[in-house]
Amino acid sequence: MLDPKYRERSESLFNRAEKHIPGGVNSPVRAFKSVGGNPIFFKGAKGAYVHDEDGNRYVDYINSWGPMILGHGHEEVIAAVQEQAGRAMSFGAPTELEIELAETICEMTGIDMVRMVNSGTEACMSAIRLARGYTGRNKIIKFEGCYHGHADSFLIKAGSGASTLGVPNSPGVTEGVANDTLTAPFNDLTAVEKLIAENQDQIAAIITEPVAGNMGCIPPNEGYMEGLRALCDQHGIVFIMDEVMTGFRLAPGGAQERLGVKADLVCYGKVIGGGMPVGAFGGKREIFQHIAPTGPVYQAGTLSGNPLAVVSGLTTLRYLKNHPEVYAQIDAATEKIENGLRPIVDESGLKYRINRLGSMISVHFCDTDVYDYTTAAEGNNERFKQFFHGMLNEGVYLPPSAFETWFISMAIGDEQIKETLAAAKKVIAEMS
Ligand code: KE4
């Protein structure tokens, strides 16, 4: 059991951080706002473990919110980044490395073309601009609780940190922008059909997480993704899959491969940077003829395709491509965690649901199935807080919000699962 006093250094660093960094963090979801307490400051990581400034060790189920799928400090990634750093950090000019990353992404996913950017937000923001420029239409449809980064068009009923902090509709987003973003419940095809009928020939794109991960993990209902694909085909709407979280995680080809549904444009992030700031948007060649400098839809970035970031992502993707067994491994590990948690929580009598698809998993303390934002929001957050802090004190670091998904790395094996389930047994018993 970790004793809270062992977090003295984190506490003092947090107080210092708050002086010059808003909320003491550079991304709101890190602030522990929805679970209470102050964020822990980390110093090092290796494999499945992260180490904080007070010398505590935790099994890491955040993994930098997805990028560290190979585990922390993978020797091939570190070596590649160190070697590139010695050659050049950045040119602001094209390099062969960018071609190799583009070729690898297109080969693994089946898309025709891809443009590198610096975050998932940039990827999604650029994808909807391209869809608008390509169709000449203004409106988009997004889904309640889905999160596509913090660009204005997306901060309408957004998930992840926006929901965690209770600002799914952020101030600062103008009415004009908000009016062009239509929303529907996830998994509700009828609602989408209604929006399309009410906005004939005005909808440029439907953007969705193919497996929602920003209201906890919510898999698509049977036929839902296929239904969205068909509606887009029927109405000339660009189908955008935001695979920032699912890309290269659910399969080498991401959700497109796992679910067997092709998008017109796809957004990537997280895994494709291997821990460095990288995003990308890609898709059909016909649509990509419209993006600058080939076409008129402008999009740019000083550090887009940065060699250091690219080599980190390229090494990560090459490892996944050459070791496809990793996917079965992380799925099996996550299934073991689910199958281990169920009897523990059953025995406690606590009401709960566990949602899982592949290596995406979330625990909800509620008595109804969780299939959209409304049902996700019905979770008992007090129970979640107890679970989160209990596990943290037992050395298991879960995402500090009920509106997040656990991120499994290939470094999480039987030993770490044993540690996790032993912690859960103790914590759940104390909760009931
Ligand atoms: P970034 O701009 O944070 O790289 O990516 C935005 C984004 C886009 N699309 C999806 C499906 C995403 O999950 C994200 C970012 N995910 C959150 C975690 N759920 C990032 C964590 C944070 O905001 O600090």
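The values are calculated or read from the model by the stated rules, or taken from the named source; none is laboratory data. Predicted model, so just to flag it, every value in this text is computed and none were measured. A quick note on method: Cβ atoms are made from the backbone with ideal geometry, for glycine too, and the neighbour counts reach across all protein chains shown. The area values use the complete protein model at the heavy-atom level, side chains included, leaving out ligands, DNA and RNA. Shrake-Rupley method; radii C 1.70, N 1.55, O 1.52, S 1.80 Å.
Things to note:
- Rounded to 5, the percent of DSSP beta bridges in the chain classed as antiparallel: 60 percent
- The simple Förster model, with R0 at 35 Å and r as the Cβ-Cβ distance, assigns ALA328 and ALA79 a FRET efficiency of 0.85.
- At 1.567 mPa s and 4 °C, Stokes diffusion of the chain via Kirkwood alpha-carbon radius, µm² per second: 59 µm²/s
- With both labels modelled 7 Å from their Cα along Cα-to-Cβ, the ASP152 to ASP112 distance reads 3.1 nm.
- Of the residues THR174, ALA402, GLY349, the one whose Cα sits farthest toward the positive end of the charge dipole of the chain, with +1 on the Cβ of Lys and Arg and -1 on the Cβ of Asp and Glu, is THR174.
- Building the convex hull from the alpha-carbon atoms of segment 323-432 and averaging its projection over directions returns 6.6 nm².
- Per residue, the accessible area of the chain comes to 40 Å², computed with a 1.4 Å probe over protein heavy atoms only.
- ASP331, ASP264, reordered so the largest accessible area comes first (probe 1.4 Å): ASP331, ASP264
- Of the residues CYS366, GLY260, TYR6, the one whose Cα sits farthest towards the positive end of the charge dipole of the chain is TYR6 (charges of +1 on Lys and Arg Cβ, -1 on Asp and Glu Cβ, taken about the Cα centre).
- Length added when fully stretched, LYS351-MET431, from 0.36 nm per residue minus Cα-Cα: 27.6 nm
- Rounded to the nearest 10 Å², the accessible area of CYS217 at probe 1.4 Å: 0 Å²
- Förster-model FRET efficiency, 22 Å R0, ASN138 and GLU286, C-beta, rounded to 0.05: 0.60
- Crossing angle, helix 307-322 versus the chain [Cα axis fit, 0-90 degrees, rounded to tens]: 80 degrees
- Over the chain: helical MRE at 222 nm, DSSP H runs n ≥ 4 each giving -39500 (n - 2.57), nearest 500: -12000 deg cm²/dmol
- For segment 75-322, radius of gyration divided by Kirkwood radius, i.e. Rg to Rh on alpha-carbons: 0.97
- With 26 Å as the limit, the listed pairs LYS351/LYS426; LYS194/LYS270; LYS142/LYS262; LYS139/LYS284; LYS194/LYS385 have LYS194/LYS270; LYS194/LYS385 beyond it between alpha carbons.
- Note on segment 366-432 and segment 184-246: Cα centroid distance 28 Å, given to the nearest whole angstrom.
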